[in-house]
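Working notes, beginning with the structure itself.
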């Protein structure tokens with residue numbers, strides 16, 4: 001089998017599996033390059049015409065399934081927008097490590113099984129194209145505590161919905177009021193940093209009613225029909241408020257103590273009279289959803305919140321590393337850098353023009369808390385130095401390491417004397433250190449870590465490079481530039497932001513693996529290397545672009561820094 005053409009054996013297996021389960025779906029041709037199947041599939045007594053395509057590079061990529069308007073017809077765009085591609089075909093298999101993701105060992109008949117499952121979901125939720133009810137492009141997130149309070153029999157009132165803006169995007173309920181004056185209003189997490197970051201808010205009415213067990217799609221199939229339903233269930237004063245509201249939430253259920261509320265929200269379409277949109281309703285708090293796409297990859301991701309990361313150097317490389325760690329779950333940061341943001345920094349830094357003149361530690365600290373408002377940030381706008389009394393941060397960091405456990409140091413300043421001081425501190429305090437350096441015009445990189453008592457220290461590496469330069473390459477700028485330029489000391493040193501970002505991701509990965517060791521969890525990032533060389537453009541020790549290699553060093557028993565440290 002090649003990458004573009006199916007073997008006769010594989011195609012025969014595909015045909016037999018489809019014929020066994022869906023006899024009315026038949027191949028249109030014997031083309032081995034792009035086989036196409038069409039036919040009708042019965043879903044609970046209703047026939048739906050489908051087209052199944054095995055695209056080029058199948059089975060390395062999944063099959064394509066679309067509902068069509070008749071034999072040989074056009075693809076019908078499904079209303080369940082979360083499961084469709086822009087051309088109307090259906091997204092059937094998730095990406096990543098999910099057990100349901102597509103794999104070469106699966107057969108295309110499974111795509112037809114998924115189509116049947118989604119059709120049944122569409123029917124159950126009554127979101128078919130024959131309704132005037134459309135899936136909204138955003139979600140409503142409701143804390144379970146508020147949802148259960150809404151189950152008080154016969155209750156109605158208003159809920160406060162917060163969002164980052166008035167446009168699309170997730171919206172979060174954080175407070176509820178009752179029309180009954182004897183029931184006090186309820187606020188959940190109103191003072192939480194998560195809620196404080198959501199500045200747009202509106203109050204919308206809500207109603208608790210049984211609605212005779214009918215589907216939400218039937219109840220809200222049009223705006224007029226929903227209004228008729230509510231008029232039959234509510235006082236006229238409440239109905240008048242609903243008529244002028246852009247949205248309404250409906251809830252049903254009868255056991256506030258333990259029942260799972262059934263909640264729906266209907267929003268009017270301002271451009272199409274009579275049309276309602278309904279978002280997906282998620283019963284959760286914002287912080288429960290924040291790392292949803294990280295969990296499952298990293299085991300015990302919550303443990304990373306116990307680690308403290310000391311970042312020395314918050315330039316283009318360090319700032320990107322800090323944000324990557326915040327997105328992975330690190331919450332405690334100590335940021336060290338004396339500089340402010342200049343206009344020539346912006347093309348590579350996480351800061352923007354709005355941050356010009358601000359200290360880099362403040363810019364990066366704000367960026368971290370804008371990602372995770374629960375992050376704890378300590379900023380030190382000083383050089384990392386022991387020999388600058390009053391303006392050096394070394395003594396301050398030393399004191400912090402003496403008082404704080406589960407800490408790692410990250411250096412992206414690329415200044416030799418500073419890296420040496422960080423190394424001495426790392427070994428003396430037994431704290432791991434990660435070094436990230438962009439070499440030349442950021443076309444190469446060196447990223448390595450020092451784990452005291454286990455790996456060579458920074459001084460061991462420098463000594464090995466001096467003794468065996470052929471075995472342990474050291475990058476050097478040729479010609480007159482060698483005398484004029486030192487990385488990160490001369491701000492005019494060139495380098496594309498895209499290259500800096502790629503180096504930062506390697507450094508962040510090594511830092512994340514190291515932080516996971518400190519808190520004694522598995523990072524879920526695969527094999528670990530202590531010393532990585534990388535190139536974007538080739539040359540140096542590489543024969544082509546975009547390569548990485550692991551370099552092996554040994555501890556020097558005579559090292560003046562770590563030679564006496566137990567292995």
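Throughout, read-outs are computed from the coordinates displayed, never taken from laboratory work. All values reported here derive from a predicted model rather than from experimental measurement. Neighbour counts run over all protein chains shown; Cβ positions are idealised from the backbone, glycine included.
Listed values, structure above:
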item	result
Added length on full extension, which subtracts the Cα-Cα distance from 0.36 nm per residue, residue 241 to residue 370	42.9 nm
Linear extension gain, residue 398 paired with residue 564, 0.36 nm per residue minus alpha-carbon span	57.7 nm
Residues residue 7 and residue 428, FRET efficiency given R0 of 51 Å [Cβ-Cβ distance, rounded to 0.05]	0.20
Residue 280 paired with residue 120, simple spin-label distance in nm, labels 7 Å along Cα-to-beta-carbon	2.0
Peptides 316-328, 13-25 ordered by average Cβ neighbours within 10 Å, highest first	316-328, 13-25
For the range 133-289: relative contact order, % (alpha-carbon pairs under 8 angstrom, 6 or more apart)	32
Protection-proxy order for peptides 539-549, 200-210, 393-403, 435-445, each taking the mean of Cβ atoms within 10 Å per residue, highest first	435-445, 200-210, 393-403, 539-549
Rough spin-label spacing in nm, given labels placed 7 Å along Cα→Cβ, for residue 302 and residue 76	4.5
Residues in the range 319-339 reached by a label modelled at residue 498 [backbone nitrogen below 20 Å; 7 Å Cα→Cβ]	320-321
Label-point separation in nm, residue 294 to residue 547, each point 7 Å along Cα→Cβ	3.4
Length gained when the stretch residue 192-residue 113 is fully extended (0.36 nm per residue, less Cα-Cα span)	24.1 nm
